[in-house]
1. For the range 226-243, indicate whether the set of residues that are outside any strand (DSSP E or B), closer than 22 Å to P144 by Cβ and either in the same structural domain as M159 (by TED's automatic domain parsing) or touching a residue at least 24 places away in the same chain (Cβ under 8 Å) (or both) is non-empty.
2. Counting only residues that are farther than 21 Å from I192 by Cα, surrounded by 17 or more Cβ atoms within 10 Å (Cβ to Cβ), of a type outside the set (S, T, N, Q) and in contact with a helix residue (DSSP H, G or I) (Cβ under 8 Å, 6 or more places away or on another chain), how many does the range 237-282 have?
3. Pull up the range 27-78, narrow it to residues that are surrounded by 21 or more Cβ atoms within 10 Å (Cβ to Cβ) and of a type in the set (D, E, K, R), then point me to the one that is farthest from W90 (Cα to Cα).
4. Could you please give the count of residues in the range 1-26 that are assigned to a strand (DSSP E or B) and in contact with a helix residue (DSSP H, G or I) (Cβ under 7 Å, 6 or more places away or on another chain)?
5. Taking into account only those residues within the range 182-236 that are surrounded by fewer than 20 Cβ atoms within 10 Å (Cβ to Cβ) and hydrophobic (A, V, I, L, M, F, W, C), which is nearest to the chain's Cα centre (by Cα)?
6. (1) assigned to a loop (DSSP other than H, G, I, E, B); (2) more than 22 Å from K24 (Cβ to Cβ): which one isn't true of E119, the others all being true?
7. Among the listed residues G30, G43, G34, which satisfies the condition of being modelled with pLDDT of 90 or more, under 28 Å from the mean Cα position of the chain (by Cα), farther than 9 Å from S78 by Cβ and in the same structural domain as L91 (by TED's automatic domain parsing)?
8. Mind counting the residues in the range 27-84 that are under 18 Å from E119 (Cβ atoms), assigned to a helix (DSSP H, G or I) and aliphatic (A, V, I, L, M)?
Amino acid sequence: MIKTNLTWEQVYHRLNEVIKDLPKNTKYYGVPRGGQVVAGMTGNAVDNVEDADVIIDDLIDSGATEERYKKYNKPFLSLIDKRRELQGEWLVFPWESKEGDTDETVEDNVTRLLQYFGEDTNREGLQETPKRFIKFFKEFLSPPDWNCTSFEGEGYDEMIVQTNIPFHSLCEHHIAPFFGTGTIGYIPNKRIVGLSKLARTLETYARRLQNQERITTQVAEFLWKELEPKGVAVQITAKHMCMEMRGVKKHDTWTTTTKLLGVFKDDINTKTEFLNSIKNGR
């Protein structure tokens with residue numbers, strides 16, 4: 001069987017040929033999954049088949065899918081009907097292939113996504129949005145490289161606490177922002193670390209698709225491994241846009257997570273001193 005990789009240009013050409021005689025306000029329901037991409041490309045996709053004027057798919061192979069949708073009594077269109085053409089070829093659509101992805105192909109995917117939600121990507125405000133979107137993610141998900149340089153503690157063995165460290169992250173479930181502040185404390189054994197490295201540790205783990213609980217744990221475990229201290233404590237307080245902008249839509253709600261290792265976990269007085277330093281720290 002011959003493998004054929006279709007380009008976005010070929011897909012666009014076929015789609016324009018398929019829908020050229022239909023009214024511009026035609027509503028399309030895309031058959032999951034490839035048909036959803038195609039419907040999104042029209043700019044008039046709907047989520048419910050009953051609301052559609054036309055059902056559209058990327059490919060008709062045996063005709064079984066078309067048969068399944070006959071009960072809705074709506075026109076069924078596809079970019080390619082293998083009963084009539086390209087028999088014996090394995091067709092790979094651009095959204096199915098990860099080979100040779102470039103900024104340009106990813107920009108196309110972002111454009112498709114915007115169109116799927118009904119946006120006019122030709123209007124001035126959105127023309128450069130896919131490019132800016134990619135630039136943002138490249139920047140945000142690539143925190144600066146740094147070394148966790150440590151120094152001889154010169155006998156210092158008391159608690160070191162850094163409070164109100166600001167951070168921003170993205171919820172891995174909804175890709176919605178969450179942000180807040182962190183407090184990091186440790187009690188040296190023999191080595192201490194430059195103060196900026198505490199903030200950099202939080203920044204490094206926050207600038208990913210994350211959840212708050214994991215960030216808290218990762219920061220604590222990183223410092224525990226790197227410094228081999230007597231104890232590490234991390235507390236993070238954050239506001240989540242996935243709670244404010246969607247779902248329960250509860251505003252001004254803050255979430256606090258804490259990770260304690262070593263003496264911070266084992267000794268109640270040490271734990272209390274750390275928590276009090278958060279209350280008093282500015």
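1. Yes: one or more hits.
2. 2
3. Result: D57.
4. Going through the range 1-26, the residues assigned to a strand (DSSP E or B) turn out to be 2-5.
When the remaining residues are screened for being in contact with a helix residue (DSSP H, G or I) (Cβ under 7 Å, 6 or more places away or on another chain), the result is none.
Matching residues across the range 1-26 total 0.
5. Within the range 182-236, the match that is nearest to the chain's Cα centre (by Cα) is L209.
6. (2)
7. G30
8. Residues that pass the stated criteria total 4.
The values are calculated or read from the model by the stated rules, or taken from the named source; none is laboratory data. Because the structure is predicted, anything quoted here is derived from the model rather than measured. Counting neighbours? That spans all protein chains shown, and the Cβs are built from the backbone with ideal geometry, glycine included.
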